[in-house]
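A short worksheet on the structure shown next.
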There are 6 protein chains.
Amino acid sequence: MNQDTRQKLLAVSTATLTTVLFKRGFRNCFLQGPRLINPAAPRMVGPAFTLRYIPAREDLDTLDAFLDPAHPQRKGVEECPPGCVFVVDSRGDPKAASAGGILLTRLMARGVAGAVTDGGFRDTPDLAVMPWPTYHAAPSAPTNLIRHHAVDTNLPIGCGEVPVYPGDIMVGDGEGVVCIPAHLADAVAAEGFEQTVVEDFVQERVAAGHSIRGLYPMTDPVNRELLAAWRKERGR
Amino acid sequence: MNQDTRQKLLAVSTATLTTVLFKRGFRNCFLQGPRLINPAAPRMVGPAFTLRYIPAREDLDTLDAFLDPAHPQRKGVEECPPGCVFVVDSRGDPKAASAGGILLTRLMARGVAGAVTDGGFRDTPDLAVMPWPTYHAAPSAPTNLIRHHAVDTNLPIGCGEVPVYPGDIMVGDGEGVVCIPAHLADAVAAEGFEQTVVEDFVQERVAAGHSIRGLYPMTDPVNRELLAAWRKERGR
Amino acid sequence: MNQDTRQKLLAVSTATLTTVLFKRGFRNCFLQGPRLINPAAPRMVGPAFTLRYIPAREDLDTLDAFLDPAHPQRKGVEECPPGCVFVVDSRGDPKAASAGGILLTRLMARGVAGAVTDGGFRDTPDLAVMPWPTYHAAPSAPTNLIRHHAVDTNLPIGCGEVPVYPGDIMVGDGEGVVCIPAHLADAVAAEGFEQTVVEDFVQERVAAGHSIRGLYPMTDPVNRELLAAWRKERGR
Amino acid sequence: MNQDTRQKLLAVSTATLTTVLFKRGFRNCFLQGPRLINPAAPRMVGPAFTLRYIPAREDLDTLDAFLDPAHPQRKGVEECPPGCVFVVDSRGDPKAASAGGILLTRLMARGVAGAVTDGGFRDTPDLAVMPWPTYHAAPSAPTNLIRHHAVDTNLPIGCGEVPVYPGDIMVGDGEGVVCIPAHLADAVAAEGFEQTVVEDFVQERVAAGHSIRGLYPMTDPVNRELLAAWRKERGR
Amino acid sequence: MNQDTRQKLLAVSTATLTTVLFKRGFRNCFLQGPRLINPAAPRMVGPAFTLRYIPAREDLDTLDAFLDPAHPQRKGVEECPPGCVFVVDSRGDPKAASAGGILLTRLMARGVAGAVTDGGFRDTPDLAVMPWPTYHAAPSAPTNLIRHHAVDTNLPIGCGEVPVYPGDIMVGDGEGVVCIPAHLADAVAAEGFEQTVVEDFVQERVAAGHSIRGLYPMTDPVNRELLAAWRKERGR
Amino acid sequence: MNQDTRQKLLAVSTATLTTVLFKRGFRNCFLQGPRLINPAAPRMVGPAFTLRYIPAREDLDTLDAFLDPAHPQRKGVEECPPGCVFVVDSRGDPKAASAGGILLTRLMARGVAGAVTDGGFRDTPDLAVMPWPTYHAAPSAPTNLIRHHAVDTNLPIGCGEVPVYPGDIMVGDGEGVVCIPAHLADAVAAEGFEQTVVEDFVQERVAAGHSIRGLYPMTDPVNRELLAAWRKERGR
């Protein structure tokens, strides 16, 4: 992905990004459910690489399934490109794990930017101290085979009730995860970066005791002048 | 599919089929949610042909999407082979329709054996009098585009929390829908057909006032002899 | 149970009973979830006989479990006294059946007054034409063993989020099921029977075009006089 | 309301109306949850008159509350104008009734067009044979006081997750209920009426065995000519 | 509000307050769902000032809505009196934010005592370090317009399934939020303050290894004497 | 319980235990819902002692109920043997507390190994700093009497949708709680302990940058040799 876009997205909150997308008509881009496991993990930005689960079947989903080198979960973990985000469609079901500490460590070691599931991860006490962003709906000790069957990789999926197409740009912060349609990433990043400057100014004013009237939204021209001066002063 | 198997499955209840499958280790084969819309519709038996939805996206899922002859929902409706069952993965979300009266009529006209979604169908007042089996979770007037994006056909899916692989044998009665893994269909049909004979005998005895002790399950040899006589008499 | 009370309860709606119980401080006596399967079935009145399920365990809950004559589900079906209502605590989970056509037919044949579960029954197409009241939350083909373990009979249970103590009086109509604490049954029946007379009068007046003001509740003395005359005329 | 609009809306399905509204950018106009209690009831069309419930409080919501002639539920029932639809915000909670047989009979007697709640009604066996449309999520015997406090009438509310402003046009058929923003009612009715003609033609063709390709949507000019002829013939 | 009452409530846990209210017949006063975002925030006590959301409508709820100085969310933020608690009815839906960092900072700056929603707030990473109590059900990046329409302020609402009337006293600690009916606040505070003394004594005894028998509840007169001595010693 | 087994289980994660149980055919042994309140609490291992709640009834569940020394909740707290785990069936309902700070402190003081409910505990700010493991689904201030009736102790129950028989071995870590059937505890502990050694080796290799291919699962003999050497070196 565009590195300037990546840098900008690292500095824009998911809250701001949802507003920028809403202006373009997108109402459903914030993943419902997934939360950041380690609050101290770095921000997450990267194109989506997807894994899809369907419900497990008792004769197919035994531990022997992992002996197959083409098992989509294991294959996906080795093939997800560095810089991408590993996004898992677990049908919103956290009763069995989408992945665990070993596979997530492998993804981190391979340079992947983070991992997201709308189900649960296992080994969460380890993930909670891992310097790498993982997002899930709930801790889930059981192996995926108990309820999930990894069926394919890099198809369009739903995750947290949001459509995720391979290559869409996933952004995660301490609030959660946003999916930006690929073709809009540069424009959304640019506008979000700009909007963040304004919001920082507004936040500073409000913290200093000013009313939101005329300031948020900025309908009063005086505030626009103050903003211009503030930006100049800070070189933003 | 094997026509003898089809005939047998038309005479076995979904309740009996789940027990036969449970004996083989399958606990999760009854679709949770879908109900028969027209109680007078014929029984449904046929191999699964699948359609998969992911969440809709505002820029892709406009009414213009249907102008594309390759739109998977419309394409699927024309390509689902006669005798098959049209099975839709709607992520269990009935807030927009998986299909409506016109498309379902087309499927019926094409000789498809029935349609199932874990979401909802629209035009349900019409479906309620259509001589053809449709199963869904709830009536749903809005067009699928509002929440669903048809993404591909005939991949393995989940429907009603059950794994459905293309070609699996779907059986529907007034209780709901069972999915039988393809390679087990003949054996399950044969055993289910046989078990139905026994259950009919047991039901008749119980209705006549006999205790279930020794009869259900049939641990008393006297009952086994009575059953043998009963079968002879009826030629079953 | 008191036969006069039974007769009265056969003539009082569950809606009226919940109001009579509310006057005595009971807010939680209508079972949430269970619905009547056969709308043409007779009214249901009788003391509760309970069966309790806990979640199934794979090594205990095999089909062989039914070979044990002490299996609580089968034992309960043979021991529930005639005139009682068979009430099942299925933890509100209809994903596997609480019982099916054969066992419910046995209960009917034994003179039991009806059956209620907060899960699901199987063989519902048969139950839908059986001249006997069964109440459940959803049709459920799979055998109970798949998710439920019958653990004991006639202990206090929860059913539909309502406490049910053995001997409490269960009343079912086309709306659902109410549980009346045993020691209140006679008083509640008497008051409910009386209140039904008043409501029939009010309903007749309202259907004839009268306002509810002063009539429902009956704060206008004129209405009380009209009611007195109406009762005299009809001998109620 | 405009009587021509009312007549047209009586002939257009809720499914068609949601599509017409979707074309104008409205995705959320079909009430999620409410179902028609009596399938033989007439169609429902009329402006919304609203009642709002908040959770009950033990000291305020006693049976004495109904003695107050200004109690919003009772007042609303007497004040809802003839021709309007009585729409109740019950916060989607059917654990206690939004209203019962007597009040709903009064609304019918007063010429109100129908009643809708996203909770439950009581006395449903009576409602199931009443020649008047009532829509709810589940049968609910307990009086509203147990969980609901009627707080005000004719304010904007949510019902079935849809915004309902007083005066919006509610339309109900056997599938459910749609809310049309007041200022769009005439245009939506006209377009829906027109679209129904086309859909009737398409449905007839499909039932006769024609493919949906080029027909639905009608991209093939031959079909447009056939439609023109069909309309002429039938005077539609 | 009464400042003595405020001081006492700052020292009583929500657990104790629910018990005091239960003694008076109130079962439903603890908000279900809302959790404290910043565990280090000060305790929250103050009268309720309410904001009500209904579902959003696409033509009304655009970003332009905020240009209206009378927009209820923005107006509420400027009008909620210092010392009050800002309580939002979001219909329990956290899929879009009830408010975000800037508005909540403004409330804090204005001397408001805290903010509560049964939906979600946005900018939660900032809220997590803000020295001010905010309670919500889940982090929610999207702007409220996506699903919520701010419709009015200071009407009675439901929040977390609890009735909240303007002026009711809201109390929040690390466990959650209790709503005390306004007219009971002084009495409940006094009794809760007293009960806290007893519970502190009991907790100390239990931590020291004493049995709860005769101590909790305090049925043994010896414990009452010990309590009297303990209080004297500590001047409580 | 076997002290060697206890020692081993203190060193095995719940994730690993679910896999060992899955190999033996157990899919449902991880409690869904309960989370550790104090992440710094010690690991929890011990046999289950159970308490069962049914829904409360207004006339039975008053504060006076606690005056009865045989009240099952209070009795259970005094009788749960040291070393055991106190497991509560709250029907998955956290709207009222299963227990609070005083009773849980008493259990800790008595040497009980920990406490688990599928509902909620109260006094959670205290529990969050208590050096003792408590697991619940959500903070819950209200006293249990508001929704729960303690009915009996040490019967088989469901907790978090898992069957728990008295004497089953409960193991809790930072991820959640597993229930091991009593007769399997020694074998599962031994195998889990062994599997932990292997997983530690794999995790170390993966963290060092090795691929999971041939390593996880360990199908490559080279890795088995490396493991053997690694174990020798570390004396594991």
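Bear in mind these aren't lab numbers, they're just calculated from the coordinates by the rules spelled out. What you see is a predicted model; the values in this text were computed from it and never measured. Quick reminder, even Gly has a Cβ in these numbers, built from the backbone with ideal geometry, and neighbours come from all protein chains shown.
How far is it, in nm, from the label point at B:Ala11 to the one at F:His71 when both lie 7 Å from their Cα along the line to the Cβ? Result: 6.3 nm between the two label points.
Of all chain E C-beta atoms, the nearest to the rotation axis linking E with B is recorded, alongside its rounded Å distance, as E:Glu58, 5.
Counting Lys and Arg as +1 and Asp and Glu as -1, what is the net charge of the other residues whose Cβ lies under 11 Å from the Cβ of B:Val87? Counting the neighbours of B:Val87, the net charge comes to -2. Per residue of D:93-101, other chain Cβ atoms within 10 Å of the residue Cβ number 3 on average.
A straight line joining the Cα centroids of the range A:5-74 and the range C:26-63 runs 41 Å. Among A:33-43, C:146-156, the peptide with the highest mean count of other Cβ atoms within 10 Å heads the list, and the full ranking is C:146-156, A:33-43.
Only Cα sites of the range E:188-234 enter the Debye sum here, all with the same form factor; the resulting log10 I(q)/I(0) across q = 0.17, 0.27, 0.31, 0.32 1/Å is -0.47, -1.06, -1.23, -1.25, listed in q order.
Taking a straight Cα-Cα cut-off under 20 Å and skipping sequence neighbours fewer than 8 places away in the same chain, the lysines within cross-link reach of F:Lys95 are D:Lys95, E:Lys23. For the protein assembly as shown, the Cα gyration tensor yields ellipsoid semi-axes of 42, 40, 40 Å (square root of five times each eigenvalue, largest first, whole Å). Relative to the dominant Cα principal axis of chain C, helix C:14-23 is inclined by about 70°. Label point of C:Pro42 (7 Å along Cα→beta-carbon): distances to the other copies' equivalent points are 3.9, 3.9, 6.3, 7.0, 7.6 nm, sorted ascending.
Among A:Ala137, A:Ala48, A:Ala128, the largest mean-square fluctuation in a Gaussian network model of chain A (Cα springs under 10 Å) belongs to A:Ala128.
Comment: the Cα-to-Cβ extended label point of D:Ala11, at 7 Å, lies 5.1, 5.1, 6.3, 7.6, 8.3 nm from its counterparts in the other copies, nearest first. Listed by chain and number, the aspartates and glutamates whose alpha-carbon sits under 19 Å from that of D:Lys75, ignoring those within fewer than 8 places in the same chain, are C:Asp220, D:Asp61, D:Asp64, D:Asp89, D:Asp152. Loop-located GluC sites (Glu not before Pro) in the range B:23-118 (DSSP state other than H, G, I, E, B) with a sparse environment of at most 12 neighbouring Cβ atoms within 10 Å are absent. Across the options B:Leu63, B:Leu145, B:Thr105, the greatest Cα extent toward the positive end of the charge dipole of the range B:27-180 (unit charges at beta carbon of Lys, Arg, Asp, Glu) belongs to B:Thr105. Taking K and R as +1 and D and E as -1, what net charge do the other residues with C-beta under 9 Å from the C-beta of E:Thr14 add up to? So the environment of E:Thr14 carries a net charge of -1.
DSSP finds beta bridges in chain F, and of those with both partners inside it, around 60 percent are antiparallel.
Compute a Gaussian network model of chain B, connecting alpha carbons closer than 10 Å, and tell me which residue from B:Lys75, B:Lys95, B:Lys23 fluctuates the most. With Cα springs under 10 Å in chain B, the top fluctuation among B:Lys75, B:Lys95, B:Lys23 is at B:Lys23.
Per residue of B:201-212, other chain Cβ atoms within 10 Å of the residue Cβ number 5 on average. Assuming charge only on the beta carbon of Lys and Arg (+1) and of Asp and Glu (-1), the dipole of the protein assembly as shown about its Cα centre is about 0 debye to the nearest 20. What whole-number distance in Å separates the alpha-carbon centres of the range F:134-199 and the range D:185-236? Taking the Cα centre of each part, the range F:134-199 and the range D:185-236 sit 62 Å apart. Charge tally for A:Arg122 (other residues, Cβ to Cβ under 12 Å; Lys, Arg +1; Asp, Glu -1): -4. Per residue, chain C reaches -9500 deg cm²/dmol at 222 nm when only DSSP H runs of four or more residues are counted, each adding -39500 (n - 2.57).
For the residues A:Arg213, A:Arg122, A:Arg57, a GNM of chain A with alpha-carbon springs under 10 Å puts the largest fluctuation on A:Arg213.
Assuming charge only on the beta carbon of Lys and Arg (+1) and of Asp and Glu (-1), the dipole of chain E about its Cα centre is about 520 debye to the nearest 20. The magnitude of the dipole of the range A:187-234, with charges of +1 and -1 set on the Cβ of Lys/Arg and Asp/Glu and taken from the Cα centre, is near 140 debye.
Peptide F:139-151 shows a mean partner chain C-beta count of 6 within 10 Å per residue C-beta.
The long axis of helix F:185-207 is offset from the longest Cα principal axis of chain F by roughly 60 degrees. With the label put 7 angstrom out from Cα along the Cα-to-Cβ vector, D:Pro69 ends up 4.3, 6.1, 7.2, 7.2, 8.8 nm from the copy partners, going from closest to farthest.
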